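This report refers to the structure that appears directly beneath it.
Laboratory data are not the source of any read-out in this text; all were calculated from the coordinates shown. What you see is a predicted model, and the numbers here were worked out from it, not measured in a lab. Every residue, glycine among them, receives a Cβ derived from its backbone with ideal geometry; neighbour counts consider all protein chains shown.
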Amino acid sequence: MEFTAVILAAGKGTRMKSSLPKPLHRVGGHPMLGWSIDAARAAGATRTVAVLAPGLDEIQTWLDETAIAIQEDQLGTGNAVAAARDAVGMDDGIAIVMFADTPLVRADSIAALVAKVADGAAIAVAAFEPADPAGYGRLVQGANGAVERIVEHRDATEAQQRIGLCNGGIMAARTPLLFALLDQVTNDNAKGEYYLTDIVALAAAAGHKVTHTVIDETEILGVNDRTDLAAAEAALQARLRTAAMQAGVTMIAPETVFMAADAVIEQDVIIEPHVVIGSGCHIGEGSIIRAFSHLEGTRLGTCCIIGPYARLRPGTDADDGVKVGNFVEIKKTKLGAGAKANHLTYLGDATIGAEANIGAGTITCNYDGFGKYETLIGDGAFIGSNTALVAPVTIGARAIIGAGSTITRDVGPDNIAVERANTSEKAGAAAKFRETRQKKTKPRR
Ligand code: UD1
Ligand code: MG
């Protein structure tokens, strides 16, 4: 079923107290406007139109296939939808109006509303029954249950304020009718705005069928300030964790694990407490992410063991069975199967061969203050503890680097390289040193 989604994103968002436009604030690592667009597309929208305030260039550059309509002045939700008239077109079809500040709406709910219009309703409203209905528009129903009007909280009588069924803000309608009704909407109300919700009473009075579907409160959670943003994040995280666990991921303390919505976590992965999985991660089957690890833009093969306290930055690409231990930071580095970096290491702009062992305290010195340089370490190489590898540098396969070395030139395969001053040892010197110090020091009382 074809339909167009009109996503309202022109509101001022003043309560966010931010220089970033509200629709670009992120939930689960993804901008809120992106969530609305994705949900509309997943429900089958063939076109998406975003209604923006003038000058929101930041949003415009980020939108790709979404058409843009500009609402010159923020005169209300009805005025915002009217601004999309040219972008939507007047062909007979179905349009659904959504908000860019309700990121948790599910595709199924959108599809259900569109289906009601396809089945003959003129308008279908997403309704919900919040614990606290204050602030929301109320659905006033007739004797037969049909929706007669939506009354905004500020305009509602005391009796209407006692209605628990509220407007979620999402509405599907037949396209030409939607715009025809909007032409009749006035701003004669408490806020002096053109309300989208007024089309319901206009439609009902003209004999059109207005219906509603009740959807879950968490889907409708609107983000107006940073507290709401945190609440939306919490609700989304709960969803993501549940989905991961249902797909076969073990979480010991799920409420402490935070993940971006695009995380791909395969079956039998174990995630210990206090782990953050940022955008662009794919974790292979059977891997273990130990406590307090932070991952972003990372691919892990099967059966890797990461952490505790590991930091994997974008471009970390580990094959099967890689081990990364505590206080290891990795960036833009490929690790071959079975490679190990178990303690206190920085690997950046590097390629580490299969089964290579990176000793504690190894640092790839990849940056000279101007450019970034690469380190290549061959299969099976052994890098002794506290080695500085000054890039660009290549360590051959199976080579051994002695602990404490600073390697500034390439080392061939199967060779041993050590860069270290000889130890000087003076017999009895320590005892003599103590004697002289004690003579100088006054006896203690
Ligand atoms: C709206 C509904 C209310 C519903 C509630 C659910 C109206 C009149 N009221 O109220 O019935 O219960 O949502 O959350 O529709 N926007 C524009 N241009 C404008 C004004 C708003 O693009 O001129 C956009 C905002 O960016 C936002 C959305 O429309 O994405 C909703 O606006 P908001 O001011 O939050 O409406 P509510 O007062 O919450
Ligand atoms: Mg709102």
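Listing for the model above:
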| read-out | value |
| --- | --- |
| Unsatisfied cross-links (Cα-Cα over 29 Å) in the set K12/K332; K17/K191; K340/K372; K22/K209 | K12/K332; K22/K209 |
| 17 Å Cα-Cα reach of K331 towards aspartates and glutamates, excluding residues that sit fewer than 8 places from it in its own chain | E296, D317, D319, D349, D368, E374 |
| Under 17 Å from the Cα of K116 - aspartates and glutamates, other chains or at least 8 residues apart | E2, D92, D108, E148 |
| Relative contact order of the range 1-105, pairs being alpha-carbon contacts under 8 Å that are 6 or more residues apart, as % | 43 |
| Kirkwood hydrodynamic radius (C-alpha pairs) into Stokes-Einstein, the range 319-445, 4 °C and 1.567 mPa s, D in µm²/s | 80 |
| Mean Cβ neighbour count within 10 Å, used as a protection proxy, ranking 119-126, 181-188 highest first | 119-126, 181-188 |
| Angle between the chain longest axis and helix 226-246 axis [Cα atoms, degrees, rounded to 10] | 70 |
| Protection proxy ranking of 156-163, 89-96 - average other beta-carbon atoms within 10 Å, highest first | 89-96, 156-163 |
| Calculated [θ] (222 nm, deg cm²/dmol) that DSSP helices of n ≥ 4 give over the chain, each run adding -39,500 (n - 2.57) | -6000 deg cm²/dmol |
| Normalised convex hull volume, the chain, alpha-carbon set, Å³ per residue | 240 |
| Fully extended contour minus Cα-Cα distance, from A206 to A247, at 0.36 nm per residue | 9.8 nm |
| Using a Förster distance of 22 Å, the FRET efficiency for H153-D216 (Cβ separation, nearest 0.05) | 0.60 |
| Full-extension gain in nm, Q267 to A238, via 0.36 nm per residue minus C-alpha separation | 8.6 nm |
| Of all DSSP beta bridges in the chain, antiparallel share, percent nearest 5 | 20 |
| Full-extension gain in nm, D228 to N386, via 0.36 nm per residue minus C-alpha separation | 52.1 nm |
| Cα-centre dipole for the chain with unit charges at Cβ (Lys and Arg positive, Asp and Glu negative), debye to 20 | 3180 |
| Estimated distance in nm for a label pair at D414 and D57, the labels positioned 7 Å out from Cα along Cα-to-Cβ | 6.2 |
| Highest to lowest packing among 268-277, 200-209, scored as the average C-beta count within 10 Å | 268-277, 200-209 |
| Partner aspartates and glutamates for K439 [C-alpha distance under 12 Å; skip if fewer than 8 residues away on the same chain] | none |
